[in-house]
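Peer 1: My questions all concern the structure below.
The values are calculated or read from the model by the stated rules, or taken from the named source; none is laboratory data. Note that the structure is a prediction, hence the values are computed from the model and not measured. Here the Cβ positions follow ideal geometry from the backbone for every residue, glycine too, while neighbour counts run over all protein chains shown. Surface areas here come from the heavy atoms of the whole protein model, side chains and all, with no ligands, DNA or RNA. Shrake-Rupley method; radii C 1.70, N 1.55, O 1.52, S 1.80 Å.
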Amino acid sequence: MAERVVPEQQRRRRRPTKQGTVLSEQIIVQTALRLIGQHGAEALTVRRLGAALGADPSALYRYFRNTDELLLAVADELIGRAQEGWESTGDWRADLREIGLRVHAAYQAHPQAAVLAAHRTTGRENETWAVESMLGVLRSAGFPDEEAVRIYHAFVDQALAFAALDAAELALPAPARTADLQVWRASYGRLPAGTHPNIAATAHILADDMMLSGYPFALELLLEASAARLASRRG
């Protein structure tokens, strides 16, 4: 999709496409999200999107200047889905835990898109509200502003890093994913205690644990460390 800026007043189309769809930014984003799930990064072309929408590819320029702007909108859509229905409980640890797990789940539901978008900063509405909410949770808990920002930074980077890592695994072809997981039993599980005593002693635990995402436990560690820092300030 090449750069071509269209004036704001010309960015809305009300005439239905060949498939009877009235184009909107939301419909384009939802279609892009579906196509990315099917085809990965190759889905982000005006030709493929236009065909899926039954629209002339040039119509997409009414809504997005280029494919990168569309990708940012897709990233923001995932953030928005993670926030749907969330409400603060007043318990900062419970609130952050819920947000983190929601982010992780939203990206796992769309692993191909997560691989493309988890590292992007959108500056769009859903992301800004997410940042506002998380900082609000931390400041309301009593963290000073500098500490709140640093914990927010660590928290969101941890959530997105695990989301991207776990999404990349889910995006693998099924045979490759199965083969990777079997390495823990087929290779690590057979290492002798004489040369690899620590692996041999924990092999059965290691194989089971590596089948799961490490995010929930890593999240708890971060929350516990943050709580300890807050307690030390209150001394």
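Peer 1: If I go through the stretch 208-231 residue by residue, how many of them are under 23 Å from Val156 (Cβ atoms), open to solvent by 70 Å² or more (accessible area, probe 1.4 Å) and of a type outside the set (A, V, I, L, M, F, W, C)?
Peer 2: The number of residues fulfilling the criteria is 2.
Peer 1: Sort through Ala161, Ala167 and tell me the only one that's open to solvent by less than 50 Å² (accessible area, probe 1.4 Å), part of a helix (DSSP H, G or I) and closer than 26 Å to Ala106 by Cα.
Peer 2: Ala167
Peer 1: Just to be sure I understand the filter: pairs with C-beta atoms under 6 Å, separated by 6 or more residues or on different chains, first member in the stretch 216-229 and at pLDDT 95 or above, second member among the aliphatic types (A, V, I, L, M). Which pairs pass?
Peer 2: Ser226/Ile151
Peer 1: Let me ask something additional. Could you list, in sequence order, the residues of the stretch 93-135 that are more than 17 Å from Ala163 (Cα to Cα) and open to solvent by less than 30 Å² (accessible area, probe 1.4 Å)?
Peer 2: Asp95, Met134
Peer 1: Failed condition for Arg185, given (1) within 30 Å of Val156 (Cβ to Cβ); (2) open to solvent by 80 Å² or more (accessible area, probe 1.4 Å), with all others met?
Peer 2: Going through (1) within 30 Å of Val156 (Cβ to Cβ); (2) open to solvent by 80 Å² or more (accessible area, probe 1.4 Å) one by one, Arg185 breaks only (1).
Peer 1: Now for a different question. Would you be able to tell me the number of residues in the stretch 67-82 that are touching a residue at least 24 places away in the same chain (Cβ under 8 Å) and surrounded by fewer than 17 Cβ atoms within 10 Å (Cβ to Cβ)?
Peer 2: 0
Peer 1: Can you tell me which residue in the stretch 105-162 is nearest to Asp76 (Cα to Cα), limited to those that are of a type in the set (Lys, Arg) and touching a Leu at 6+ places or on another chain (Cβ under 7 Å)?
Peer 2: Arg124
Peer 1: Further question on the same structure: Among the residues of the stretch 100-136, write down those that are of a type in the set (Val, Ile, Thr) and free of Cβ contacts under 8 Å to residues at least 40 places away in the same chain.
Peer 2: Thr121, Thr128, Val131
Peer 1: Six or more apart or on different chains, Cβ under 6 Å: which pairs go from a residue in the stretch 171-199 that's farther than 30 Å from Leu116 by Cβ to one that's open to solvent by less than 60 Å² (accessible area, probe 1.4 Å) and in a loop (DSSP other than H, G, I, E, B)? Could you list them?
Peer 2: Ile199/Leu191
Peer 1: Next question. I'd like to verify a number: residues in the stretch 191-207 that are at pLDDT 95 or above and loosely packed, with under 14 Cβ neighbours inside 10 Å, how many?
Peer 2: Here the count works out to 10.
Peer 1: Which of the residues belonging to the stretch 174-215 are within 29 Å of Ile99 (Cα to Cα) and part of a loop (DSSP other than H, G, I, E, B)?
Peer 2: Correct list: Met210, Met211, Leu212, Ser213, Gly214.
Peer 1: Among Leu78, Leu71, which is the only one that is touching a His at 6+ places or on another chain (Cβ under 8 Å), within 30 Å of Leu172 (Cα to Cα), at pLDDT 85 or above and of a type outside the set (S, T, N, Q)?
Peer 2: Unique residue meeting the criteria: Leu78.
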